[in-house]
Amino acid sequence: MRPIAVVVEHDAGGIIPVTHELLACARILADQTQSSIVAVIPGKGDPAMAKQIADLGIETVDLAIIGMDGYNSEAYKGALFQLFTTLAPLYIIVGHTATGRDFAPGLGVRLGGGSIAGVNHIVSDQTGPLFSRPVLNGVKNALVRPDASPCIIMVQPGAFRVQGTSFACPARVTAMDIRFTGGTIQPLGIKTVTTQGEDLDQAAVIVAAGRGLGERENLDILERFAALFPNSVVGASRPLVDDGWIEYRFQVGITGARVSPKLYIACGISGSSQHLAGILGSELIVSVNSDPNAAIFNHSDLCIVADLFEFISAFERILQRHP
Amino acid sequence: MKILVCIKQVNETPDGHTQAMNRFDEYALEEALCIKERFKEAGLDGGVDVITLGPEGAETVVKRAFGMGADNGCHLVSDPKQNGSSAVTAGLIAGAVKGCAYDLVVTGIMSQDRMEGQTGPILAELMGLACATGVVATSLVPGAAVIEVEREMEKGERDCLAMTLPALITVQAGINSPRYPSLSKVLKAAKKTIKTLAVEAVPADTQTLVRLEAPLKSRSGRVLGGTVDDKAVALFDLLRERGIL
Ligand SMILES: Cc1cc2nc3c(=O)[nH]c(=O)nc-3n(C[C@H](O)[C@H](O)[C@H](O)COP(=O)(O)OP(=O)(O)OC[C@H]3O[C@@H](n4cnc5c(N)ncnc54)[C@H](O)[C@@H]3O)c2cc1C
Ligand SMILES: Nc1ncnc2c1ncn2[C@@H]1O[C@H](COP(=O)(O)O)[C@@H](O)[C@H]1O
């Protein structure tokens, strides 16, 4: 029976929470395909971490990659290739994270299989599982069927809910060493460049600006709009930060801040999965977008299909009448 | 320093009337041009080639790249019905550049339409190159055989590493400020020839697109009707009710 393998994500602080989402995805697939699950921890060998996973009732391989110091895509691909060649998994579950995106596509090629990126949902079909992934800025999901085996499923963070842990008998841990002798990549360490500001964390209302703003000068309009709400701040989607319009500490999303204000108003933001990952903790989400098909509307409590400038002027007029 | 940049033409509007260079590829091309310039300043040779896979008409994106400063361009002409995944794109590009000795291959972090972010790392594997994805800073000493890069991680961290050339990087947005095509280069570009290659054998894909679906909703998604004033009133009322205003 070919198992479903899960590649555990971890850093200096231990197991990263996304790992539990990967396990949740693996459980769905295991149910659909009647397979077992095996977790793999590529690293230095860490019995304590392995025990944490095995205590969830999941068989675990504690894979020590000898000669690897810190994450190294060459070492990951080399060692996982060796392990999976013998383990012969049906699916390999990896996070669609900075790390997963880096090693998984190449590993898929090396194994003679394939990889599906950004998976947010699994649909069961007579032919087997179909995997859903966003396309066209999230306006649609593409349902794809893997044609090559093994298939690496790169799971979108936040897409799979972690079930409460039920009691399980601790499973077996297998310790394994694989030597890595490549030499074209040399790690130089992790650097922390920016600490997120507190502005987004402390605000009750976030008015977020996206590319729909058009011009940098229009930020003033958003500042004025935000000032109508008590305890508010202007946040932004990534492209505005990339273009230098707004400082990084105001960026919302998977590579920015994850926010949970009382009210999030997205203005001219399309709703890419990377942006959504940062906003789903908000109490109330209101979106203003001129495109009725914008993906953000699927994740909003209130959808306002309008030109954001016209809407803001209208709102200002109403407020003047009801001070 | 011979650099290859993979660029894609994408629809900017849903109707397909406006087409543009994939926004993420502008950063890739800009980074390649900056590296070439650094080599030139050091008195070393450098050249930037671009390649695009796409149907007839996609060569417009190569012309834009010439306008920005690319030296040579290649258009791999695909069947407009072809709908392969990144595995197919990478396979076709690898085949087309076989035998060209590039020191560095650069791609964008993802395409706006397919959003896989896999063409780069698959291409690296097929070409036997070391690969780093999500690059937000590069530095290389002209003449040395190593590139140092910083990869963007979650939580504002950067993974720093050195790769022996030849290597492939996928570039994240924000790494630089892509230049606009210059008039003089655009004029010169008009005289440049684009190498055109027909796609012959399409490699087997690793996945099949079964169908497109509307995304699942995670919230109720109440759509406000009426005029823009009606919508503003409705939001105002709701926020008063909730005690936010
Ligand atoms: C690895 C990775 C990490 C990323 N991390 C992040 C992240 O942390 N945060 C983030 O935001 N992005 C992130 N991105 C980028 C992300 O993929 C999208 O490119 C980005 O979120 C799009 O920003 P946007 O919605 O503002 O722009 P667009 O997608 O261009 O959307 C603009 C929207 O404005 C609307 N619009 C236009 N004019 C008007 C008008 N006058 N009135 C009303 N609406 C209008 C349009 O209909 C459109 O929906 C990341 C990408 C990658 C690959
Ligand atoms: N058709 C194409 N032609 C040339 N380069 C491409 C093509 N498709 C994708 N790429 C490159 O691969 C990157 C990632 O694309 P994707 O894997 O489709 O998300 C893009 O940013 C481009 O640099």
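The values are calculated or read from the model by the stated rules, or taken from the named source; none is laboratory data. Fair warning: this is a prediction, and the values are worked out from it, not measured in the lab. Positions of Cβ are backbone-derived with ideal geometry, glycine not excepted, and every protein chain shown enters the neighbour counts. Please note that ligands, DNA and RNA were not included when accessible areas were found on the heavy atoms of the full protein model with its side chains. Shrake-Rupley method; radii C 1.70, N 1.55, O 1.52, S 1.80 Å.
Remarks
- Carbon-plus-sulfur accessible fraction, the range A:66-131 (probe radius 1.4 Å, protein heavy atoms only): 52%.
- Between B and A, accessible area buried - total, square angstrom, nearest 100, 1.4 angstrom probe: 7100 Å²
- Carbon plus sulfur fraction of accessible area for the range A:200-321, probe 1.4 Å, in percent: 44 percent
- Residue-averaged 222 nm ellipticity for the protein assembly as shown, from DSSP H runs of 4+ at -39500 (n - 2.57), nearest 500: -8500 deg cm²/dmol
- Taken along the Cα-to-beta-carbon direction at a fixed 7 Å, the label points for A:D55 and A:L319 span 5.0 nm.
- Counted charge near A:K191, where neighbours are those whose Cβ lies closer than 15 Å (Asp, Glu -1; Lys, Arg +1): -4
- For chain B, built as a Gaussian network whose Cα springs stay under 10 Å, the top-fluctuating residue of B:E213, B:E37, B:E154: B:E213
- With R₀ fixed at 22 Å, the C-beta to C-beta distance from B:E241 to B:D15 puts the FRET efficiency at about 0.05.
- For the range A:200-321: accessible area per residue (Å², 1.4 Å): 37 Å²
- Peptide A:105-116 has a mean shielding of 6, counted as Cβ atoms of other protein chains within 10 Å of each residue's Cβ.
- Over 23 Å (Cα to Cα) - which of A:K262/B:K217; B:K81/B:K188; A:K191/A:K262; B:K36/B:K155 fall in this group: B:K81/B:K188; A:K191/A:K262; B:K36/B:K155
- Averaged over the residues of A:255-264, the number of partner chain Cβ atoms lying within 10 Å of the residue Cβ comes to 3.
- Length released on extending from A:D199 to A:K44, taking residue separation times 0.36 nm less the Cα-Cα span: 52.0 nm
- Each label point was placed 7 Å from the Cα along the Cα-to-Cβ direction; for A:T127 and B:T227 their separation is 5.2 nm.
- The alpha carbon centroids of the range A:48-76 and the range A:97-159 are separated by 22 Å.
- The gain in end-to-end length when the B:A201 to B:S184 segment is fully stretched comes to 2.3 nm, 0.36 nm per residue minus the alpha carbon separation.
- Chain-alone versus full-assembly comparison, the range B:12-31, residues with accessible loss of at least 20 Å² (1.4 Å probe): B:R23, B:Y27
- Here the relative contact order of chain B, from alpha carbon pairs under 8 Å that lie six or more residues apart, stands at 22 percent.
- Between the range B:152-214 and the range B:127-143, the C-alpha centres lie 14 angstrom from each other.
- If both residues of a DSSP beta bridge must be in chain A, then about 20% of such bridges are antiparallel.
- Averaged over the residues of peptide B:107-119, the number of Cβ atoms from other protein chains lying within 10 Å of each residue's Cβ is 5.
- Computed E for A:Q163/A:D11 - FRET, C-beta separation, R0 22 angstrom, nearest 0.05: 0.40
- Per-peptide average of other Cβ atoms within 10 Å, ordering A:52-63, A:71-82, A:263-274 highest first: A:263-274, A:71-82, A:52-63
- Relative contact order for chain A, counting Cα pairs under 8 Å that sit 6 or more residues apart, in percent: 14 percent
- In the calculated pair-distance distribution of chain B, the portion above 29 angstrom amounts to 37 percent of the Cα-Cα pairs.
- Summarising the label geometry, the points placed 7 Å from Cα in the beta-carbon direction at B:L44 and B:I194 lie 3.1 nm from one another.
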